[in-house]
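Colleague: First the structure, which I've put down as structure tokens, then a few questions once you've had a look.
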Amino acid sequence: MPLYEHVMIARQDLSNTQAEGLIEHFGTVLADNGGKLVDSEYWGVKTMAYKINKNRKGHYAFLRSDAPAPAVQEMERLMRLHEDVMRVLTIKMDEHAELPSVQMQKREERGERRERR
């Protein structure tokens, strides 16, 4: 099955447990449609570059899934209809990285940046 990565932004007035509940809810949507949630990370409340629906901040979540395309389409459809979800981004990947995402790594653990020209 194809591999996907999803980033979701939820409203800032949700509690942390409600935001993590959204992750579990959409994981079950994938499971009901023949896919599975490989890994998920809750990144916390972050400030956005611009306002979305009159919100300056949002709960960010990162999901890795192994699911057929119809399951991902159904999950995206339900995310867009859900009133607490503001934005969704889905990317099809060739393989999942084993390390935690860059957002979850400390600065010391990240690789060195290359010089700008």
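Colleague: Can you tell me which residue within segment 51-96, out of those that are small (Gly, Ala, Ser) and either in a strand (DSSP E or B) or at positive phi (or both), is nearest to the chain's Cα centre (by Cα)?
Modeller: Initially, segment 51-96 is screened for residues small (Gly, Ala, Ser), giving 58, 61, 65, 67, 69, 71.
Filter again for either in a strand (DSSP E or B) or at positive phi (or both), leaving 58, 61, 65.
Numbers: Gly58: 12, Ala61: 4, Ser65: 10 Å.
Within segment 51-96, the match that is nearest to the chain's Cα centre (by Cα) is Ala61.
Colleague: Please identify the pairs in which a residue from segment 71-82 that is in contact (Cβ under 8 Å) with a residue 24 or more places away in the chain and buried (at least 19 other Cβ atoms within 10 Å of the Cβ) has its Cβ atom under 9 Å from the Cβ atom of a residue that is among the aromatic types (Phe, Trp, Tyr) and part of a helix (DSSP H, G or I), counting only partners at least 6 apart or on another chain.
Modeller: Met75/Phe26; Met79/Phe26
Values quoted throughout were computed directly from the atomic coordinates according to the rules given, and no laboratory measurement underlies them. Because the structure is a prediction, the values reported are computed rather than measured. With ideal geometry, Cβ positions are generated from the backbone for all residues, glycine too; neighbour counts draw on all protein chains shown.
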